[in-house]
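Visitor: Pasting a structure here, questions to come.
The values are calculated or read from the model by the stated rules, or taken from the named source; none is laboratory data. Just so you know, these numbers come straight off a predicted model, no measurement behind them. Note: ideal-geometry Cβ built from the backbone for every residue, glycine included; neighbour counts use all protein chains shown. We work out accessible area using only protein heavy atoms, side chains counted, and drop any ligands, DNA or RNA first. Shrake-Rupley method; radii C 1.70, N 1.55, O 1.52, S 1.80 Å.
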Amino acid sequence: MATLESKLEEMLRPTIEALGYQLWGLEFVKAGKHSTLRLFIDSEQGVNVEDCANASRQVSALMDVEDPIPSEYTLEISSPGLDRPLFIAEQYQRYLGEEVKVQLTMPVAGSRNLKGTVLRVEGQMITLNVSGNELIIALDNIRKGNLIAKF
């Protein structure tokens, strides 16, 4: 995880948890003048629009005081949704046996984009079954991971 993202997570987690939510994860997407800080919150009861608006007010106030991002950005707060992003090993562990898609920084088995079933999580190593092959992927090689929603 990038240093800025780590700092933001450490700063924002207590505020989100004080509101009764879990900080599922966050992304900071740099795009010139149109950067986005995206927070995903969750709870046992789920998350609705009012929850996101309440969290947004609290996070905005904290961000205004702390000012950790020197450039302009848009704040987005949402639930992780059905195709929830996966950020940490524990989240992959939670979805053992489920299908995920991952975008990698460095190719594994000749590909940077993989879809497979989560077989094991050992420390920071994720084992996926991709088309019948077991591939072991370091968590820090996963640029982006998402659960594949089943309907």
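Visitor: What are the pairs, 6+ residues apart or on separate chains, where a residue within the stretch 122-151 that is within 24 Å of F28 (Cα to Cα) has its Cβ under 9 Å from a residue that is small (G, A, S) and open to solvent by 40 Å² or more (accessible area, probe 1.4 Å)?
Guide: Final answer for the pair search is L139/G123.
Visitor: Would you call Q91 within 16 Å of L23 (Cβ to Cβ), open to solvent by less than 30 Å² (accessible area, probe 1.4 Å) and of a type in the set (S, T, N, Q)? Please lay out each step first, then the result.
Guide: Values: within 16 Å of L23 (Cβ to Cβ): yes; open to solvent by less than 30 Å² (accessible area, probe 1.4 Å): yes; of a type in the set (S, T, N, Q): yes.
For Q91, the condition - within 16 Å of L23 (Cβ to Cβ), open to solvent by less than 30 Å² (accessible area, probe 1.4 Å) and of a type in the set (S, T, N, Q) - is met.
Visitor: A follow-up question, please. Quick check on A53: is it open to solvent by 60 Å² or more (accessible area, probe 1.4 Å), aliphatic (A, V, I, L, M) and either in contact with a strand residue (DSSP E or B) (Cβ under 6 Å, 6 or more places away or on another chain) or farther than 29 Å from R120 by Cβ (or both)? Write out each step before concluding.
Guide: Details: open to solvent by 60 Å² or more (accessible area, probe 1.4 Å): no; aliphatic (A, V, I, L, M): yes; either in contact with a strand residue (DSSP E or B) (Cβ under 6 Å, 6 or more places away or on another chain) or farther than 29 Å from R120 by Cβ (or both): yes.
Here the answer is no, as A53 does not meet what is asked.
Residues are listed down the side, and each one gets a yes or a no for (1) more than 23 Å from T3 (Cβ to Cβ); (2) in contact with a helix residue (DSSP H, G or I) (Cβ under 8 Å, 6 or more places away or on another chain); (3) not charged (D, E, K, R):
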residue	(1), (2), (3)
S78	yes, yes, yes
Q93	yes, no, yes
E98	yes, no, no
M106	no, yes, yes
R112	yes, no, no
R120	yes, no, no
I137	no, no, yes
D140	no, no, no
K144	no, no, no
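Visitor: Which count do you get for residues in the stretch 74-84 that are crowded, with 18+ Cβ neighbours inside 10 Å and either of a type outside the set (G, A, S) or at positive phi (or both)?
Guide: Applying the first criterion (crowded, with 18+ Cβ neighbours inside 10 Å) to the stretch 74-84 yields 77, 79-80, 84.
Add one more test, that the residue is either of a type outside the set (G, A, S) or at positive phi (or both), and what stays is 77, 80, 84.
Residues in the stretch 74-84 being crowded, with 18+ Cβ neighbours inside 10 Å and either of a type outside the set (G, A, S) or at positive phi (or both): 3 in total.
Visitor: Read through the list (1) of a type in the set (A, V, I, L, M, F, W, C); (2) open to solvent by 30 Å² or more (accessible area, probe 1.4 Å); (3) closer than 25 Å to K150 by Cβ; (4) in contact with a helix residue (DSSP H, G or I) (Cβ under 6 Å, 6 or more places away or on another chain), then give the number of the only condition that L62 fails.
Guide: Checking L62 against (1) of a type in the set (A, V, I, L, M, F, W, C); (2) open to solvent by 30 Å² or more (accessible area, probe 1.4 Å); (3) closer than 25 Å to K150 by Cβ; (4) in contact with a helix residue (DSSP H, G or I) (Cβ under 6 Å, 6 or more places away or on another chain), the one that fails is (3).
Visitor: Considering only the stretch 102-110, I want to know if a residue exists there that is touching a residue at least 24 places away in the same chain (Cβ under 8 Å), more than 30 Å from H34 (Cα to Cα) and either open to solvent by 60 Å² or more (accessible area, probe 1.4 Å) or out of contact with any Pro (no Cβ under 6 Å at 6 or more places or on another chain) (or both).
Guide: Within the stretch 102-110, the subset touching a residue at least 24 places away in the same chain (Cβ under 8 Å) is 102-106, 108-109.
Next, from what is left, pick out any that are more than 30 Å from H34 (Cα to Cα): 108-109.
Restricting the remaining residues to those that are either open to solvent by 60 Å² or more (accessible area, probe 1.4 Å) or out of contact with any Pro (no Cβ under 6 Å at 6 or more places or on another chain) (or both) gives 108-109.
Within the stretch 102-110 (the criterion being touching a residue at least 24 places away in the same chain (Cβ under 8 Å), more than 30 Å from H34 (Cα to Cα) and either open to solvent by 60 Å² or more (accessible area, probe 1.4 Å) or out of contact with any Pro (no Cβ under 6 Å at 6 or more places or on another chain) (or both)), the answer is yes, since at least one residue qualifies.
Visitor: From the set of residues in the stretch 1-41 that are more than 19 Å from N54 (Cβ to Cβ), assigned to a helix (DSSP H, G or I) and polar (S, T, N, Q), which is least open to solvent (accessible area, probe 1.4 Å)?
Guide: S6
Visitor: Within the stretch 111-121, track down each residue that is open to solvent by less than 70 Å² (accessible area, probe 1.4 Å) and either in contact (Cβ under 8 Å) with a residue 12 or more places away in the chain or touching a Ser or Thr at 6+ places or on another chain (Cβ under 8 Å) (or both). Even if it seems obvious, please write down each step before you answer.
Guide: Filtering the stretch 111-121 for residues open to solvent by less than 70 Å² (accessible area, probe 1.4 Å) gives 111, 114, 116-119, 121.
Correct list: L114, G116, T117, V118, L119, V121.
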